[in-house]
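Colleague: Here it is: the structure, laid out below.
The values are calculated or read from the model by the stated rules, or taken from the named source; none is laboratory data. All of these numbers come straight from a predicted model, not from anything done at the bench. Note that each Cβ is placed from the backbone with ideal geometry, even for glycine, and that neighbours are counted across all protein chains shown. The area values use the complete protein model at the heavy-atom level, side chains included, leaving out ligands, DNA and RNA. Shrake-Rupley method; radii C 1.70, N 1.55, O 1.52, S 1.80 Å.
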Amino acid sequence: MIIAEGVDKYYGKLHALKDVTTEVHRGEVVVIVGPSGSGKSTFLRTLNQLEKIQNGKLVVDGIDMYAKDTNINKLRENVGMVFQNFNLFPHKTALENVMLSPRIVAKRDKKEVEEHSRELMYKVGLAERMDNYPSQLSGGQMQRVAIARALAMRPDIMLFDEPTSALDPEMVGEVLDVMKGLAAEGMTMVVVTHEMGFAREVADRVLFMEDGALLVDEKPEAFFDN
Ligand code: ADP
Ligand code: ADP
């Protein structure tokens with residue numbers, strides 16, 4: 001699902017990704033860990049081209065991202081992303097937030113989108129909260145809406161950038177549970193997180209980054225043994 005080969009990314013003179021090579025297969029859950037500033041978020045953001053790379057090759061969902069005829073918008077539709085800070089639209093209800101992309105971006109039929117969005121709200125445990133605005137929801141609930149919103153586009157891959165880092169500790173579990181459910185259903189996932197319990201329990205592979213380089217890429221059993 002994802003092939004990264006010799007990926008280099010610079011922010012000006014800062015070498016943020018150094019010759020990163022890895023693969024993610026269909027249905028795999030890959031967790032990226034490492035110190036702050038090591039390039040985890042940058043790498044994740046290259047996978048839907050929120051960041052462009054300067055060297056190397058990236059193939060995501062069968063699409064070579066830097067081929068001449070590549071339609072990045074099409075790719076973005078197939079790659080869902082969940083951010084640390086939810087990024088919900090404050091003036092729209094939870095359900096409206098979930099319906100937005102399939103309606104506006106994919107121009108899908110309203111009835112079908114609404115039905116699917118309601119199902120997703122059930123799936124993330126928020127059936128009772130569909131008509132609430134983000135300001136009426138807890139952080140954990142907002143993040144679950146954000147996950148439902150990403151799923152509404154029926155993505156092949158889900159990217160998570162520190163999805164629980166902005167949450168009060170008591171809300172971390174409810175978000176991780178939704179993510180575990182997705183993993184169990186076979187969703188291909190790349191997750192940047194400091195939640196080592198999640199990495200140990202759910203990851204098929206753990207990637208460790210430091211100073212822009214991918215230093216370790218192994219199964220959690222091996223990673224947590226060291
Ligand atoms: P991590 O996710 O591991 O904390 P990041 O990918 O956010 O690391 O950042 C990697 C390095 O790139 C850091 O030194 C950070 O300051 C720098 N960086 C990240 N985003 C930008 C940006 N938009 N412009 C310039 N430097 C950036
Ligand atoms: P994280 O490590 O969780 O990604 P950061 O605080 O590193 O969070 O980055 C937050 C935002 O600021 C990101 O959009 C990132 O691209 C940007 N950023 C980070 N470092 C720099 C930097 N040195 N110069 C400009 N933008 C940066």
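Colleague: Around residue 183, with a cut-off of 12 angstrom between Cβ atoms, what is the net charge of the other residues, counting Lys and Arg +1 and Asp and Glu -1? Display every interim value, and only then the final one.
Modeller: Working: positive: 180; negative: 28, 177, 185, 201, 204.
Surrounding charge for residue 183 is -4.
Colleague: Near residue 5, within a Cβ-to-Cβ distance under 12 Å, what is the net charge of the other residues, with Lys and Arg +1 and Asp and Glu -1?
Modeller: Numbers: positive: 57; negative: 8, 19, 23, 64.
Charge balance near residue 5 sits at -3.
Colleague: If you don't mind, another one. Taking R0 as 25 Å, what FRET efficiency do you get between residue 201 and residue 26 from their Cβ-Cβ distance, rounded to the nearest 0.05? Intermediate results must be reported in sequence, preceding the final value.
Modeller: Numbers: r = 20 Å, r/R0 = 0.82.
Given R0 = 25 Å and the Cβ-Cβ separation, E is 0.75.
Colleague: In percent, how large is the relative contact order of the chain, given Cα pairs closer than 8 Å and 6 or more residues apart?
Modeller: Details: 427 pairs, mean separation 66.1, N = 226.
Computed over the chain, the figure is 29 percent.
Colleague: How high is the relative contact order of region 86-219, in percent, with contacts defined as C-alpha pairs under 8 Å that are six or more residues apart?
Modeller: Values: 154 pairs, mean separation 28.9, N = 134.
The value is 22 percent.
Colleague: Report the per residue volume, in Å³, of the convex hull enclosing the C-alpha atoms of region 179-226. If you can, show how the numbers build up before the last one.
Modeller: On the way: hull volume 3.9 nm³, N = 48.
Convex hull of Cα atoms, per residue: 82 Å³.
Colleague: Share of antiparallel DSSP beta bridges in the chain, in percent to the nearest 5? Kindly include the intermediate steps, with their values, before the conclusion.
Modeller: Working: 19 of 36 bridges.
Of all bridge pairs located within the chain, approximately 55 percent are antiparallel.
Colleague: Please compute the per residue accessible area over the chain with all protein chains in place, 1.4 Å probe, rounded to a whole number of Å². Walk me through the intermediate numbers first.
Modeller: Working: 10760 Å² over 226 residues.
For the chain, the solvent-accessible area averages 48 Å² per residue.
Colleague: Oh, and also: If the chain between residue 177 and residue 87 were fully stretched, how many nm would it gain, using 0.36 nm times the residue separation less the Cα-Cα distance? Don't skip to the end; give the middle numbers.
Modeller: On the way: separation 90, 0.36 × 90 = 32.40 nm, distance 2.03 nm.
Length gained between residue 177 and residue 87: 30.4 nm.
Colleague: From largest to smallest, what semi-axes in whole angstrom does region 129-226 give when each is the square root of 5 times an eigenvalue of its alpha carbon gyration tensor?
Modeller: Working: eigenvalues 141, 45, 30 Å².
They are 27, 15, 12 Å, listed largest first.
Colleague: Name all residues of region 130-164 having a backbone nitrogen under 20 Å from the label point set 7 Å from the Cα of residue 69 along its Cα→Cβ direction, giving them as ranges.
Modeller: Within reach of a label on residue 69: no residues.
Colleague: As an exercise, identify the GluC sites (Glu not before Pro) in region 108-207 lying in DSSP coil whose Cβ has no more than 11 other Cβ atoms within 10 Å. Before the final figure, lay out each step's value.
Modeller: Numbers: sites: 112, 114, 115, 119, 128, 170, 174, 185, 195, 201; in loops: 185, 195.
Sparse-neighbourhood loop GluC sites (Glu not before Pro): 185.
Colleague: In 10 Å bins starting at 0, how do the alpha-carbon pair distances of the chain split up by percent?
Modeller: Using 10 Å bins, I get a P(r) of 8, 33, 36, 19, 4, 0 for the chain.
Colleague: When Lys and Arg each count +1 and Asp and Glu each count -1, what net charge do the other residues less than 11 Å away from residue 27, Cβ to Cβ, add up to?
Modeller: Numbers: positive: 26; negative: 28, 156, 185, 204.
Combined, the nearby Lys, Arg, Asp and Glu give -3.
Colleague: Place the peptides 76-82, 4-10, 94-100 in order of packing, highest mean first, counting for every residue the other Cβ atoms within 10 Å and averaging per peptide.
Modeller: Packing proxy ranking, top to bottom: 94-100, 76-82, 4-10.
Colleague: Right, here's the next one. Calculate the all-directions average of the projected area of region 1-90's alpha-carbon convex hull, and give it in nm². Before the final figure, lay out the partial values.
Modeller: Working: hull surface 27.8 nm².
Taking the Cα atoms of region 1-90, their convex hull projects to 6.9 nm² on average.
Colleague: Which value, in debye to the nearest 20, gives the size of the charge dipole of the chain about its Cα centre, when Lys and Arg are +1 and Asp and Glu are -1 at the Cβ? It would help to have the intermediate numbers written out before the result.
Modeller: Details: 27 positive and 35 negative charges, 187 e Å.
Around 900 debye, computed over the chain.
Colleague: Any lysines with Cα under 25 Å of the residue 18 Cα? List them, leaving off those in the same chain fewer than 8 positions away.
Modeller: Partners within reach: 9, 40, 52, 57, 68, 219.
Colleague: Can you give me the distance in nm between label points at residue 170 and residue 5, each placed 7 Å from the Cα along the Cα-to-Cβ direction?
Modeller: Those two pseudo-labels are separated by 5.1 nm.
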